[in-house]
Amino acid sequence: MKQVLHKKLNELQATAICGNDISSSCLYVSALTIMYAGQYAWISLLFVGVVLFLFRKIYGEVVGALPLNGGAYNVLLNTSSKRLASIAATLTVLSYMATAVISASEGMHYLHNIAPGINIPIATIIILLIFTGLAIVGIGESAIVAVVIFITHLTTLTLLVATSVWFIFMNGLDVFNLNWNLPITSGTIMNALFLGFSAAMLGISGFESSANFVEEQQQGVFPKTLRNMWAIVSFFNPAIALLLICIIPLAQVGEHQESLLAYLGETTGGSWLAYLISIDAVLVLCGAVLTSFVGVSGLLSRMTLDRILPNYFLKQNKRGSNYRIIISFLVLCISVLLVTKGEIVALAGVYTFSFLAVMGLFGVGNLLLKFKRKKLPRPEKARGISVVIAVALIITAFIGNMELNINSFYTFLQYLVPAFGFVAIMLNRSLIIRLLIEALEYFYKPLRRMVITSNRYLSKMNIKIQSQEFVFFTKGDDVAIINKVMQYVENNESTKKLKIVNINKDNENNDLLISDLKVLDRAYPEIDIEFIELEGVFGPAIIDELSIKWNIPKNFMFIGSPGDRFSYRVSELGGVRLIM
């Protein structure tokens, strides 16, 4: 499949694409946190900033070591199995789906406050169509729109904060004192902080998005996007919550929950500021829709390359966009919108739990990377205890959200189970095809002609799947390591042919290796092992040459984990997988 090259994203563009999602959280997370934590909401939001700080290192280490699209899917694919990686991918897609529909719908609710005559469901579908077209045009053009929205949003938030500070300076802290001395509705302070923290974790949704399109970013940009998103969330979300507590009586928060920031703007600056915030809300929520389309495109294209999804989705247009993935995602979003009849609460459970599960699995992937890929070079490392604490906090937030709304968790399961079923079918399609062949043979007497025709078709399909050859580059490893390679291929790939290649640059004697391979060839009769010895130096050039010569995609080529002395970065090898 010919890949179309396009310009890489700079720091501002990459931050804007994922930052619109995470920075839009202030439009709803402050009100939501105040509803559960009351006057202590800003403390819960500060603690969320601490969690995000921990995940900066976690994401930085993983993506620094494996700078490929896919996020949690990518790290689990390279440290565990396809099945576990597919679970993370499914959760990520569900999160993006819910994000796109909720953001588009919420944005149209804000627009409805400005223009009451619009039809919200129809306007939501139009927004999804517009950003589908923008994503198909190309990520570069999408980034321009994202940057405009991002800068406008940060400017509006800064103006709101400045106006609110001036309001407090002119009117004093009487409202704050009144709110601070109110009784706690959630029982104890600790319980209030716990529930507030659980609700506030929605404020970091979008942080995982940058890892899903890291290959479209310029060198060194990814860690800067993490830093920028952390800074934005850690400042604006607690600051706005604290300003709300200083200016608006808590009794009025529930009355204006859906447009609380607009109400704050009207209180501190007048109707013009409320109008400006409403327009900004429409824009930035639409920007979050764009984040979903860009993120899901990078993730699903990677899954398709790994044969979890049909190759049908790899088709690109002249601008390098996987338009079939984008259109399929649009159809999925619209169908979900119609099925739920625009009920945001029904999708909120999918949004909350899938996002938290993805973050937790990414932390697990980091631990697996430390354990299984110790020698893999990485620009930074997160301390093991920090990773464990971060994952524990995600689990705490997951449990807290179950306590807040158990019905949302049940809704999440209703979407998750069918999604897992589809992925399970794709992962086990070779087995399913064989079962279908056997079933057809069983009933062949009454339906002989149909059985024969179907049998030929399915057999050819199965042969085509298993005819894909794989390559493992060995440095002359001992039999134990090669045996682990065979076990990985047997458990994770549908193939009958494995080429084991040794790039011999010093005329080393491989007689012992050849003898070991003969033993393994007998031990694994289902897989034909072919040993190939080549002269040269292992690197991107020889990988490109062999991929073209043998017509084997690079993501079907494996290597062991390179050490610190390896001359190339993993990303320079063109997608070659690490399996040891």
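Structure above, values below:
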quantity	calculated
Pick from region 481-526, criterion open to solvent by less than 40 Å² (accessible area, probe 1.4 Å) and among the acidic types (Asp, Glu), ranking: nearest to SER547 (Cα to Cα)	GLU493
Those residues of region 527-539 which are within 20 Å of GLU469 (Cβ to Cβ) and either assigned to a helix (DSSP H, G or I) or open to solvent by 30 Å² or more (accessible area, probe 1.4 Å) (or both), in sequence order	ASP528, GLU530, PHE531, GLU533, LEU534, PHE538
Check on ILE279, open to solvent by 40 Å² or more (accessible area, probe 1.4 Å), touching a Ser or Thr at 6+ places or on another chain (Cβ under 9 Å) and assigned to a helix (DSSP H, G or I)	yes
Residues (assigned to a loop (DSSP other than H, G, I, E, B) and either surrounded by fewer than 17 Cβ atoms within 10 Å (Cβ to Cβ) or within 28 Å of the chain's Cα centre (by Cα) (or both)) located in region 238-251	PRO249
Residue among PHE222, PHE235, PHE207 that alone is open to solvent by 30 Å² or more (accessible area, probe 1.4 Å) and among the aromatic types (Phe, Trp, Tyr)	PHE235
The lone exception for GLY203 - which of (1) modelled with pLDDT of 85 or more; (2) closer than 30 Å to GLY38 by Cβ it fails	(1)
Selection count where residues are assigned to a helix (DSSP H, G or I), under 30 Å from ALA357 (Cα atoms) and open to solvent by 80 Å² or more (accessible area, probe 1.4 Å), scope region 171-199	1
Verdict on LEU361 being at pLDDT 85 or above and within 24 Å of VAL93 (Cα to Cα)	yes
First in region 359-373 and touching a residue at least 12 places away in the same chain (Cβ under 8 Å) and more than 15 Å from ILE394 (Cα to Cα), second anywhere and in a helix (DSSP H, G or I) and open to solvent by 40 Å² or more (accessible area, probe 1.4 Å), Cβ under 7 Å, 6 or more apart	none
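The values are calculated or read from the model by the stated rules, or taken from the named source; none is laboratory data. Given the structure is predicted, the values throughout are model-derived calculations rather than measurements. Please note: Cβ atoms are built from the backbone with ideal geometry, for glycine as well, and neighbour counts cover all protein chains shown. Note: accessible area is taken over every heavy atom of the protein model, side chains too, but ligands, DNA and RNA are not part of it. Shrake-Rupley method; radii C 1.70, N 1.55, O 1.52, S 1.80 Å.
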